[in-house]
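The values are calculated or read from the model by the stated rules, or taken from the named source; none is laboratory data. For clarity, every value in this text was computed on a predicted model and none was experimentally measured. FYI the Cβ positions are ideal-geometry reconstructions off the backbone, even for glycines, and counts take in every protein chain you see.
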Amino acid sequence: MTFDRQARIGRTGYARWRLWAATAAITVLTACAPQIDWHGTYPSVDQLAQIEPGKTGRATVRALLGGASSTSNFDDRTWYYIGQRTERFAFYPPEVIDRQVIFIAFDDNDRVAAIGKLDKEDGREIVFVDRTTATAGQRITLLQQLIGNIGQFKAPSDQE
């Protein structure tokens, strides 16, 4: 083997190593890029401008904006259109970047009474309580339950 051929093989190996290193670097960098998602519905300003309080009915609102994301708890007089944008890095849980809620309240005649907008700052964190409610009675083990049931059952009688 001549010196020229050995040099060419060495350069080819070096080029392969550089290609592999560049591919690995690109893969690592793209894996760390944030993933941004948009969930829900958010009406545009033009759509909301077509809704006039006191004049626009419920059917017209549904035709313009579609079905609501949610309605009020006790009656369907308030419709909520909820949209939020989340950002996620690699394996971390998603974080809410932006949340917008449009609410439309209807009066007794099914006409729009009010339109409003809420955003992320208007929301409140819900704190969950991890307490449990104790039950009445004794705490007995499975073995105590099995032994306690011995002799408790009567054989069916033939006189019935």
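If you take the residues in region 73-109 that are in a strand (DSSP E or B), touching a residue at least 40 places away in the same chain (Cβ under 8 Å) and not hydrophobic (A, V, I, L, M, F, W, C), which one is farthest from Ala59 (Cα to Cα)? Step through it out loud before you land on a result.
First, pick out the residues of region 73-109 that are in a strand (DSSP E or B): 78-88, 95-106.
Applying the additional criterion that residues be touching a residue at least 40 places away in the same chain (Cβ under 8 Å) yields 81-88, 97, 100, 102, 104, 106.
Retained after the next criterion (residues that are not hydrophobic (A, V, I, L, M, F, W, C)): 81, 83-88, 100.
Working: Tyr81: 16, Gly83: 22, Gln84: 25, Arg85: 28, Thr86: 32, Glu87: 35, Arg88: 38, Gln100: 23 Å.
Among residues in region 73-109 that are in a strand (DSSP E or B), touching a residue at least 40 places away in the same chain (Cβ under 8 Å) and not hydrophobic (A, V, I, L, M, F, W, C), the one farthest from Ala59 (Cα to Cα) is Arg88.
Do we find that Gly116 is touching a strand residue (DSSP E or B) at 6+ places or on another chain (Cβ under 6 Å), free of Cβ contacts under 8 Å to residues at least 24 places away in the same chain and among the small types (Gly, Ala, Ser) in this structure?
Values: touching a strand residue (DSSP E or B) at 6+ places or on another chain (Cβ under 6 Å): yes; free of Cβ contacts under 8 Å to residues at least 24 places away in the same chain: yes; among the small types (Gly, Ala, Ser): yes.
It is true that Gly116 is touching a strand residue (DSSP E or B) at 6+ places or on another chain (Cβ under 6 Å), free of Cβ contacts under 8 Å to residues at least 24 places away in the same chain and among the small types (Gly, Ala, Ser).
Select from region 62-93 the residues that are among the aliphatic types (A, V, I, L, M) and within 26 Å of Glu121 (Cβ to Cβ) and write down the one among them that is surrounded by the fewest Cβ atoms within 10 Å (Cβ to Cβ). Give the derivation first.
Taking region 62-93 and keeping what is among the aliphatic types (A, V, I, L, M), we get 63-65, 68, 82, 90.
Going one step further and asking which of them are within 26 Å of Glu121 (Cβ to Cβ), we end up with 65, 68, 82.
Values: Leu65: 20, Ala68: 19, Ile82: 17.
Ranking the qualifying residues of region 62-93, first place goes to Ile82.
For region 32-41, state whether one or more residues are more than 30 Å from Arg124 (Cβ to Cβ) and either at pLDDT below 90 or not assigned by TED's automatic domain parsing to the domain that holds Glu121 (or both). Within region 32-41, one or more residues are more than 30 Å from Arg124 (Cβ to Cβ) and either at pLDDT below 90 or not assigned by TED's automatic domain parsing to the domain that holds Glu121 (or both).
Scanning region 59-72 for residues that are closer than 14 Å to Asp107 by Cα and part of a helix (DSSP H, G or I) gives Ala59, Val61. Could you figure out which of (1) under 17 Å from Ile51 (Cβ atoms); (2) loosely packed, with under 12 Cβ neighbours inside 10 Å isn't true of Asp119? It is condition (1) that Asp119 fails. A residue that is crowded, with 16+ Cβ neighbours inside 10 Å, touching a helix residue (DSSP H, G or I) at 6+ places or on another chain (Cβ under 7 Å), not β-branched (Val, Ile, Thr) and not in a strand (DSSP E or B) occurs nowhere in region 51-58.
A quick yes/no check of all residues on (1) on the phi < 0 side of the Ramachandran plot; (2) outside the structural domain of Thr27 (by TED's automatic domain parsing); (3) out of contact with any strand residue (DSSP E or B) (no Cβ under 8 Å at 6 or more places or on another chain):
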site	(1), (2), (3)
Gln47	yes, yes, yes
Gln50	yes, yes, yes
Ser69	yes, yes, no
Ala90	no, yes, yes
Pro156	yes, yes, yes
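What about Ile147, is it assigned to a helix (DSSP H, G or I) and either of a type in the set (S, T, N, Q) or without any contact (Cβ under 8 Å) to a residue 40 or more places away in the chain (or both)? So Ile147 fits the description; yes.
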